[in-house]
Amino acid sequence: MAARLLVLLALVGLIGLRPAFAQSILRDAETEALMRDATAPLVKAAGLDPRNVEVIVINDPSINAFVAGGQIVWLHSGLIATADNLNQVQGVIAHELGHIEGGHIIRSAEGIKEATGITLVSLLLGAAAIAAGGGEAGMGIMAAGQQAAMGRFLSFSRAQESSADAAGARYLHEAGISGKGSVDFFKKLQNLEYRLYVEQDTYARTHPLSSDRVATLTAVYEKDPAWNKQTDPALEARFQRVKAKLIGFVEEPPRTLQLYPTSDQSPPAHYARAYAYHKGAYTEQALREVGALLKSAPHDPYYLELEGQVLLESGKPAQAIAPLREAVAGADGAPLIATLLGHALVATEDDQYLDEAERVLRSAVARDKDNPFAWYTLGTVYQRKGDTARAALATAERYQMEGQNALALRHAEVALGGIQPNSPDYLRAQDIAMVSRAALEKDRKKR
């Protein structure tokens with residue numbers, strides 16, 4: 001029985017704290033721009049501030065999405081690859097925003113507390129019965145209590161899911177976005193459950209049955225004025241590009257070429273094959289696919305970014321600079337593309353580019369501080385320019401971001417020793433040192 005209790009508590013904990021950081025985060029300027037534009041109406045309908053809500057893609061082939069605290073929606077790459085269109089993804093995101101608005105991660109503690117209370121009471125009653133000589137009765141009480149606790153928590157979880165479904169429907173309605181994609185995606189899940197023989201007993205599930213959700217949501221959405229409204233064609237075209245490049249990046253090249261054969265001359269197909277060929281180290285083929293894209297849209301910043309990436313990662317950083325400069329300008333200084341440009345400038349090993357690299361990278365980290373590679377590259381620039389103190393500060397930023405507090409503190413102290421007191425960089429080094437020292441002290445007390 002004790003083992004059963006531990007299993008219950010472990011299950012409860014995992015539902016609240018999903019392993020988001022166990023997989024790699026996939027960051028891409030084009031994808032992040034699309035997600036901002038596609039979700040902005042839904043975020044507004046949910047009463048949230050678009051500046052505080054993020055949609056982050058993680059490299060996981062399973063079909064899943066979740067929230068794990070804060071205002072972040074985590075999408076698995078497998079979900080995007082499986083979706084037929086943007087509307088289906090919007091339906092999923094609307095549901096996850098329902099969890100955020102409802103505070104479901106925080107409120108999960110209520111379900112945990114109630115389930116744990118039932119478990120503990122059953123253990124005490126069972127132990128009392130055993131002590132009184134009723135061994136079988138005591139074991140039965142414990143078993144019944146465990147079952148009741150699990151059932152109670154699963155019921156609580158299903159109620160939250162139904163609440164998020166209803167909230168998502170409200171957001172789609174207020175945003176004037178069709179719920180057809182939401183229904184279609186649940187039908188996909190329903191078919192997948194049948195193929196995998198997933199348990200169809202409602203009592204034993206954390207989520208309502210997909211068939212029940214399809215029926216309920218269809219009844220709601222078919223009455224909505226936006227039911228037959230089509231997604232903006234330009235937005236849908238952007239989604240198909242993002243889906244293709246994602247598949248090209250995460251799938252093995254033969255699989256990508258199977259999904260996007262050479263007979264397909266659409267922009268998404270060229271995109272997917274470019275990534276597949278680059279991943280397979282077929283540089284010339286990759287550049288030919290990029291060339292086909294640029295022929296149709298010579299100044300597209302994301303096509304130029306890909307050209308620069310292929311050249312840079314193929315050992316031609318000097319040739320990568322021109323397309324990356326144009327890409328940065330065309331994408332309004334997108335920090336991720338600017339970081340790639342900074343990397344190319346540094347990779348030439350030509351000191352004439354160091355000032356430009358510093359300027360580009362400082363702009364990138366000012367707009368996006370959560371990029372360890374940008375800080376690493378900026379530190380390299382400072383080191384090559386002989387500015388050891390600021391190289392240490394950039395390194396401290398990177399280590400703090402990665403949770404390596406001892407190394408962050410050490411480099412912040414080096415920075416403090418060489419930067420002019422009370423300057424912005426000095427104050428930043430002080431902040432890192434203070435936060436890292438406090439984290440180390442907290443860890444020490446835990447031990």
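Values quoted throughout were computed directly from the atomic coordinates according to the rules given, and no laboratory measurement underlies them. Note that the coordinates shown come from a computational prediction; the quantities given were computed from them, not determined experimentally. Backbone-built Cβ (ideal geometry, glycine too); neighbour counts: all protein chains shown.
The ranking of 58, 25 from fewest to most other beta carbons within 10 Å of each one's beta carbon is 25, 58. Ranked by the mean number of other Cβ atoms within 10 Å of their residues, highest first, the peptides 172-183, 71-82 come out as 172-183, 71-82. Taking K and R as +1 and D and E as -1, what net charge do the other residues with C-beta under 9 Å from the C-beta of residue 397 add up to? Local net charge: +3. Considering only the Cα atoms of region 217-295, their convex hull presents on average a projected area of 6.8 nm². The amide H of residue 26, built 1.01 Å from its N in the peptide plane, has 57, 58, 59 as neighbours under 5 Å, considering only residues 5 or more places off or on other chains.
Among rounded, prolate and oblate, which fits region 252-318 when a ≥ b ≥ c are the square roots of the eigenvalues of its C-alpha gyration tensor, a/c under 1.5 means rounded, and a/b larger than b/c means prolate?
oblate
The string of couplings for region 441-447 from the Karplus curve (6.51, -1.76, 1.60, θ = phi - 60°) is 5, 4, 4, 4, 5, 5, 6 Hz, one whole number per residue in order, with x for Gly and Pro.
Each label point was placed 7 Å from the Cα along the Cα-to-Cβ direction; for residue 376 and residue 170 their separation is 4.5 nm.
Report the one residue of 423, 401, 388 whose Cα lies farthest in the direction of the positive end of the charge dipole of region 387-447 (charges on C-beta: Lys and Arg +1, Asp and Glu -1; origin at the Cα centre). Of the listed residues, the answer is 401. A simple rule links phi to the HN-Hα coupling: the Karplus curve 6.51 cos²θ - 1.76 cosθ + 1.60 with θ = phi - 60°, which for region 392-401 gives 5, 5, 4, 5, 5, 4, 5, 5, 5, 4 Hz, with x for Gly and Pro. For residue 279, a cut-off of 17 angstrom between C-alpha atoms picks up these lysines, skipping any fewer than 8 places away in its own chain: 243, 245, 316. Working note: Karplus 6.51/-1.76/1.60 with θ = phi - 60° gives region 313-326 the couplings 6, 9, x, 10, x, 4, 6, 6, 4, 4, x, 6, 4, 5 Hz, where Gly and Pro are set to x.
Can you put 171, 399 in order of Cβ neighbours within 10 angstrom, beginning with the fewest? Please report the intermediate quantities before stating the final value.
Numbers: 171 27, 399 22.
Listed from fewest to most nearby Cβ atoms, that is 399, 171.
The Cβ shell under 11 Å around residue 286 holds other residues with a net charge of -1, Lys and Arg each +1, Asp and Glu each -1. Shape class of region 387-447 from the alpha-carbon gyration tensor: prolate, with a/c at 1.5 or above and a/b greater than b/c. I want to make sure I understand the PRE zone here: with the label point 7 angstrom from the Cα of residue 437 toward its beta carbon, which residues in region 388-410 have backbone N atoms less than 12 Å away? Inside the label zone: 409-410.
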